[in-house]
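Written out below as structure tokens is the structure these notes cover.
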Amino acid sequence: MAQLAKNAVLEGYKDIKMKLGIDPKKDVERVTVVREAVGNQIRIRADVNQGWGTVQLAREMLKQLEPYHLVWVEQPIAQSDRSMFCQLQNGSSIPLMADESFVTIQDLRTFGEQQSIDYLNIKLMKCGGIYPSYQFANQAALFGIQCQIGSMVESNIASAAGFHVALASENVVSTEISGPTKFSVDVGNLTYNLPFVHLEDKPGLGIDIDETVLMDISEKVEEIFEGN
């Protein structure tokens, strides 16, 4: 992980995201070596994906990670424990982000009223699309919660939509929309020049769809279902 982090810095990245949550002891070791590898000028964010489970363990982990100056820790506890974020907020200086715990407007109200998180991870696929996501970003601003537009590894089409929502709201301070970089073939022409993405100013989502690729994918999907 330390070597991957060094390589990312050489490629021009200023922010690095780490996945934690499998083994608490190794989580601390990994963050330690990555911070040593990249120095203090690079921003490190960590995503636990509910992996620490309980508030008690999450509180202890946050305490151990404080010396490494993380930008935020994302979803350290179970999805259903959204009302427990306030217990972590009171015991740690590390900013917190909610992801799996946020889907509906009521979830946002819970976080806002309790002032228990600093950031919200909005994903178009879980929040209902372009307009609801845009509304969530602006509503979060009323509670002083900044937002990120995340991804569930979608194609060019949904990724372009996510980027447009990000650009449309001043309260979106980060994007993690990297799905197309993991595909060998995609249906659109959204262009990544890592660590940047190029958006067109054409109408709609600003991308062209390759109908041939779309047909090929549809045929392969049909073959899979027929085979099962």
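Just for region 142-174: of the residues that are polar (S, T, N, Q) and over 27 Å from Val213 (Cα atoms), which one is surrounded by the most Cβ atoms within 10 Å (Cβ to Cβ)?
Gln148
Would you mind listing the helices (runs of 4 or more DSSP H) fully within region 104-220 where at least 2 residues are touching a residue at least 40 places away in the same chain (Cβ under 8 Å) and either in the same structural domain as Met84 (by TED's automatic domain parsing) or farther than 22 Å from Asn49 by Cα (or both)?
The qualifying helices (runs of 4 or more DSSP H) are 156-168.
I need the full set of residues from region 107-131 which are surrounded by fewer than 20 Cβ atoms within 10 Å (Cβ to Cβ) and farther than 17 Å from Leu167 by Cβ, in order please.
Asp107, Arg109, Thr110, Gly112, Glu113, Gln114, Gln115, Asp118, Met125, Lys126, Gly128
Would you list the helices (runs of 4 or more DSSP H) that sit entirely within region 6-103 and hold 1 or more residues that are among the aromatic types (Phe, Trp, Tyr), free of Cβ contacts under 8 Å to residues at least 40 places away in the same chain and under 25 Å from Phe196 (Cα atoms)?
none
Is it fair to say Val38 is at pLDDT 95 or above, hydrophobic (A, V, I, L, M, F, W, C), in the same structural domain as Cys86 (by TED's automatic domain parsing) and touching a Pro at 6+ places or on another chain (Cβ under 8 Å)?
When the stated conditions are applied, Val38 does not pass them.
Determine whether region 100-116 contains at least one residue that is touching a helix residue (DSSP H, G or I) at 6+ places or on another chain (Cβ under 9 Å) and closer than 18 Å to Ile44 by Cβ.
Checking region 100-116: not a single residue is touching a helix residue (DSSP H, G or I) at 6+ places or on another chain (Cβ under 9 Å) and closer than 18 Å to Ile44 by Cβ.
If you take the residues in region 3-42 that are within 13 Å of Val73 (Cβ to Cβ) and of a type in the set (D, E, K, R), which one is surrounded by the fewest Cβ atoms within 10 Å (Cβ to Cβ)?
Only one residue tops the list, namely Lys19.
The values are calculated or read from the model by the stated rules, or taken from the named source; none is laboratory data. All values reported here derive from a predicted model rather than from experimental measurement. Counting neighbours? That spans all protein chains shown, and the Cβs are built from the backbone with ideal geometry, glycine included.
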